[in-house]
Structure formats: structure tokens, C-alpha cells
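Values quoted throughout were computed directly from the atomic coordinates according to the rules given, and no laboratory measurement underlies them. No experiment lies behind these values; they were computed from the predicted model shown. Please note: Cβ atoms are built from the backbone with ideal geometry, for glycine as well, and neighbour counts cover all protein chains shown.
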Amino acid sequence: MREKQAAVIPVLLYHSVADHQRRRERRYTISRAGFQAHVDAISASGRSALLITELAAALRGECPLPERPVAVTFDDGWEGTSQAVEALGRCGLTSTVYVTTGELGTPGRLTVSELTALAELPNVELGAHAVRHRRLDQLEDRELSAEVRASRSWLEELLQAPVRSFAYPHGAYDQRVRSAVVDAGYSSAAAVKNALSHAGDDPFAIARWTVTSGTPPSRIAEVLEGRAVPLAWRHERLRTRAYRTARRRRYRVAKSLGVRR
């Protein structure tokens, strides 16, 4: 059992942490008290928190992994993210925040000033999450490149610091999208997969497990021990490929009819 626990790398994916739930994010909004209970569970696990760039470097063999690693991530840039990061910091835990740059300052999202303040916290790194949160594997090459590159360059200009990690919106990526991220100069990327990362995981498609509004602290504790969660697969599954093909077909039909999706 101990060997199994050492072999898994739980990477938790959070979205919104708030006491009010917007319809759009209801499934992925966890209350502040609920999140604090999760923080307590992560802290009690005894795992060593890593930033995604640190985890990716270890996956490439550039540095050793700690005995029991964990990573905590946030997607999109919702307004309660700063307080959530601070709660982690009080327990000595780091986190990676992925920002959809085109949605900053819109209702419910971080403002530019909040983002710059967040960047000053010692326990956080900021990554790009595209400009408009579109499924990148549906886009033409030119649109894809713009989403991947513009989000990074905007963040770097604002923060006056390098942005080295990217998260695929909706977890949607394929080899073409992965190559675009590599070519844009990132050193890591986070996928979803709802599985556990491991030492053989792809540093440009790191597996994460999604936390939802109904996830109790006891389930977080189970995930941190690698229980009832699959290990990330090394190659794309056939059902993932089939789903993507069907989704792309629907997207092309909608686009030909002038329907925005």
C-alpha cells in the first residue's frame, strides 16, 4: 500500500470558491468553509505541495520528486481565487492558478488589480488558460496559435514575469494542440483526465482530478491516498478520440450555419 501511495501524484483541480453559486459555475463552486475543510485534509495528508512547473520538471527528470507529492490548481480566474490561495498558504501549501485572460474583469472574475496582487503571494504561480476558454482542438491553426500565445504574452506584459505553464480549456487537447503549446515556449501544461498523475505522466498533459461542489473532505482524503481513482493513461483512449471526432463534427456544422458555440 505504501508503495502505491508513493507512486501516485494527486493533482486537484478547483474552479470557483465562493459562498454564492452562479448558475454557470454551480457544479464547480465550493463554499469557503467547504474549501477550508479540503485544505485541512490536504495538510493532514502529509503530502508535499508542488507548483505545476516544479512537477513538470520532476516528470522530465530534471529534479527528484518528493516522497509524497501533491499539486493544487485553479482554473479560469474566479473572484474567490485569491482568498483560496491565501487559505492554502496559511498551511504552507502552494498552488497554480490558470487565468482566462479575455474574461478578467467580467462579472465574477478577478480584476486586473486582484490578479497582480495575487501574483505577489509567495505560494502561487500564474499560468495561462487561453484568451476565450474555447475548445482548442476545434480551432484552425491560426486561431489556436493566437489563443495559446496571446494569453501568455498578455500575462507576461502585465506581471513582468515569465509565464511557463498552460491549462487546456475544458481539458480539450490533441497532439496538434499540445505541439502549439510546446512551440509557444511553455514548459508544462495541465490536462484534466480525472485521474492521478504519476512519474510517467506527460509534462505537457498532466492529469488532474476535478473537485465539484458535492465533493466532501473525506473524498479528498481518499484521492490523496490514491483510492478509487485511476492512474492516468499513457496514450489517448479510443473513447476520447471518438468523442472529439463527434464534437468537432457538431462544431463544424454549427459554424457553417453561423451558430456561435
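Scanning the range 45-64 for residues that are under 18 Å from W209 (Cβ atoms) and either surrounded by fewer than 18 Cβ atoms within 10 Å (Cβ to Cβ) or in contact with a helix residue (DSSP H, G or I) (Cβ under 8 Å, 6 or more places away or on another chain) (or both) yields S45, R47, S48, A49, L50. Here E67, E114, E86 are screened, and the one residue that is in a loop (DSSP other than H, G, I, E, B) and either farther than 30 Å from E143 by Cα or in contact with a helix residue (DSSP H, G or I) (Cβ under 9 Å, 6 or more places away or on another chain) (or both) is E67. Are there any pairs, at least 6 apart or on different chains, whose C-beta atoms fall under 9 Å, with the first in the range 63-91 and without any contact (Cβ under 8 Å) to a residue 60 or more places away in the chain and the second charged (D, E, K, R) and assigned to a strand (DSSP E or B), and if so, which? Every condition considered, the pairs that remain are G77/R109. Can you spot a residue in the range 119-130 that is surrounded by fewer than 18 Cβ atoms within 10 Å (Cβ to Cβ) and closer than 16 Å to A189 by Cβ? There is no residue in the range 119-130 that is surrounded by fewer than 18 Cβ atoms within 10 Å (Cβ to Cβ) and closer than 16 Å to A189 by Cβ.
Filter the range 89-106 down to the residues that are surrounded by 17 or more Cβ atoms within 10 Å (Cβ to Cβ) and assigned to a loop (DSSP other than H, G, I, E, B), then identify the one that is nearest to the chain's Cα centre (by Cα). Only one residue fits best here, namely T100. I'd like to check something: does the range 138-157 contain any residue that is outside any helix (DSSP H, G or I), polar (S, T, N, Q) and either without any contact (Cβ under 8 Å) to a residue 12 or more places away in the chain or surrounded by 15 or more Cβ atoms within 10 Å (Cβ to Cβ) (or both)? The answer is no, given that none of the residues of the range 138-157 is outside any helix (DSSP H, G or I), polar (S, T, N, Q) and either without any contact (Cβ under 8 Å) to a residue 12 or more places away in the chain or surrounded by 15 or more Cβ atoms within 10 Å (Cβ to Cβ) (or both). Restricting the range 166-194 to residues that are in a loop (DSSP other than H, G, I, E, B) and out of contact with any Asp or Glu (no Cβ under 9 Å at 6 or more places or on another chain), the residue that is nearest to L136 (Cα to Cα) is A184.
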